[in-house]
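Engineer: Mind having a look at this structure? Questions to follow.
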Amino acid sequence: MSLDVVILAAGQGTRMKSRLPKVLHSLAGRPLILYSVETATSLSQRPPVLVIGHGAEKVRQTVGEAARYVLQEEQLGTGHAVAQARELLSGQSEHVLVIYADMPLLRAETLRKLHALQQRNPGPFSLLTHVTDTPRGFGRIIRDKGGLVRAIVEEAVATPDQLAIREVNMGVYCFSAGWLWENLDRIPLSPKGEYYLTDLVEIAASEDLPIQAMLLNDPDEALGINTRVHLAEAEAALRRRVNRELMLSGVTITDPATTYVHPTVRIGRDTVILPNTYIWGQTTIGEGCVIGPNAIIEDSAIGDRCRIVVSVIEQATIEDEVDIGPFGHLRKGAYLESGVHMGNFGEVKNSRLRKGVKMGHFSYIGDADIGENTNIGAGTITCNYDGEKKHRTTTGKNVFLGSDTMLVAPVTLGDGARTGAGAVVTRDVPPDTLVVGVPARPRARQTSRRKKKSHQEG
Ligand code: UD1
Ligand code: MG
């Protein structure tokens, strides 16, 4: 049956004490608003309607085409906010689901159940409640002796008896659309000068129309964000949820308490995540890897059977069977092909290390293409920046770079080229040629493993 979803996101979020609108604060690396928008999108063919107001333009920019928008110019309460969607939605769908943008951990599955409940309800709406010892400012559910829901009382205006009630309002309602649009205007002005959506409960109850309440079991879903303390609680809950799902899908996490994986990350089976590891953003990790301890990986793609220990990987691509660390740093545009080894204190930026490259110790490779099976000696540096421009370094296959080689870009080394320790390479090196010294010059001696010709030194 047709469903429209309305998301309320116009409030300022005064209790956040922030210049940033509440719904743009970040949860696990993404603005809060995107959680409810994504959940809503999975529930209906039609894009959700976002009620925006405070920081409207920024919110619109963040969500983009994923939603339809209506503006609530003055924030006169949740009832008033829903009324802004009436013109757009009236007569469009059978049911309207209303959710608040500050409840990011609600599951689509829960909302689907609520919709199903309302489909069986002869009354005007169904709502989600939760029983808790820590009501955190939520509205209290007032039931009559027969257990029927009669009202929702906001904490600000509740009596001590009402404050003791442990069943609270989640702010999630599935309405029969016709009834909603007809009755919104009956909501009275509250003592705080707002129109509370929650007052629809009393309006329906006064006419003995049945309201269904669905009890939420998972306390994490009930985390609404009104303060930064709640934001941290939601962050922790989301982390538990993500880690649990990963473990159930075949990933080993030795210490979930110190493993920080964003919900956007994908990790393959039999990968082991060791403690104190952060995996963020649009990252994918293949099967059978060992990641950590102490790894930070952001927006990167990692293949199968890789090993990454005490290292930082940003916007990089790593094929299979690569090992990195301890203390490696891959930056934007680093691409390590299969079988690359990168040991202590290496940094790679905007460079491709082809199959089997070994880079053991203290090297910087920037703006370079390093050919297959090249050995990068300890302390090798691509001098890629001349103070104005960046230049590229290219090496062929099976190159041997002696310890402390400086490759002054732009420079190209042919297949099988070799440099002596401390060489400062300022000119291109032909294939199978050994260069030494400062600036590096060919040495009239054959490179290794080749038949020796006799040469005089020049
Ligand atoms: C609301 C409920 C409360 C419930 C709680 C669950 C009301 C009156 N109270 O309280 O019963 O337990 O949520 O999280 O509904 N908003 C607008 N326009 C407005 C006012 C608010 O769009 O004029 C939006 C806010 O941006 C927010 C949502 O509505 O996303 C809820 O507003 P908020 O002020 O957080 O309400 P709560 O005090 O949490
Ligand atoms: Mg709230």
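The values are calculated or read from the model by the stated rules, or taken from the named source; none is laboratory data. Quick caveat, the model's predicted, so the values are computed rather than measured. Virtual Cβ from ideal backbone geometry, glycine too; neighbours counted across all protein chains shown. The accessibility values were calculated without ligands, DNA or RNA, using every heavy atom of the protein model including side chains. Shrake-Rupley method; radii C 1.70, N 1.55, O 1.52, S 1.80 Å.
Engineer: Jot down the radius of gyration and Dmax of the chain, Cα atoms only, both in angstrom.
Structural biologist: 30.7, 109
Engineer: Distance check, please: which entries in K22/K332; K332/K389; K22/K192 exceed 24 angstrom between their Cα atoms?
Structural biologist: K22/K332
Engineer: For the charge dipole of the chain, defined by +1 on Lys and Arg C-beta atoms and -1 on Asp and Glu C-beta atoms about the Cα centroid, which residue among V411, I211, S90 has the Cα displaced farthest towards the positive pole?
Structural biologist: V411
Engineer: A further question on this structure: Peptides 276-283, 173-180, 263-270: what's the order by average Cβ count within 10 Å, highest mean first?
Structural biologist: On the way: 276-283: 19.2, 173-180: 22.4, 263-270: 16.8.
The peptides rank, most packed first, as 173-180, 276-283, 263-270.
Engineer: Binning at 10 angstrom from zero up to the longest distance, how are the C-alpha pair distances of segment 98-153 distributed in percent?
Structural biologist: Each 10 Å bin holds this share of Cα pairs: 17, 48, 33, 2.
Engineer: Kirkwood hydrodynamic radius of segment 3-222 from all distinct Cα pairs, in Å?
Structural biologist: Working: mean 1/r = 0.0573 Å⁻¹.
One over the average 1/r among Cα pairs gives 17.5 Å for segment 3-222.
Engineer: Between segment 208-278 and segment 74-131, what's the alpha-carbon centroid distance in Å?
Structural biologist: Rounded to whole Å, the Cα centres lie 24 Å apart.
Engineer: Per residue of the chain, what 222 nm ellipticity follows from adding -39500 (n - 2.57) for every DSSP H run with n ≥ 4, rounded to the nearest 500?
Structural biologist: Result for the chain: -5000 deg cm²/dmol, rounded to the nearest 500.
Engineer: Suppose we keep just the alpha-carbon trace of segment 244-452; what are its Rg and Dmax in angstrom?
Structural biologist: Cα only, segment 244-452: 18.6, 63 Å (Rg, Dmax).
Engineer: Once you put a point 7 Å from the Cα of E388 and another 7 Å from the Cα of T132, both along the Cβ direction, what distance in nm separates them?
Structural biologist: The modelled label-to-label distance comes out at 6.2 nm.
Engineer: Counting only protein heavy atoms and using a 1.4 Å probe, what share of the accessible area of the chain belongs to carbon plus sulfur, as a whole percent?
Structural biologist: Using a 1.4 Å probe with all protein chains present, the chain comes out at 50 percent carbon and sulfur.
Engineer: Accessible area per residue, 1.4 Å probe, Å², for the chain: what's the number? Write out the running numbers ahead of the final one.
Structural biologist: Values: 21110 Å² over 458 residues.
Value returned for the chain: 46 Å² of accessible area per residue.
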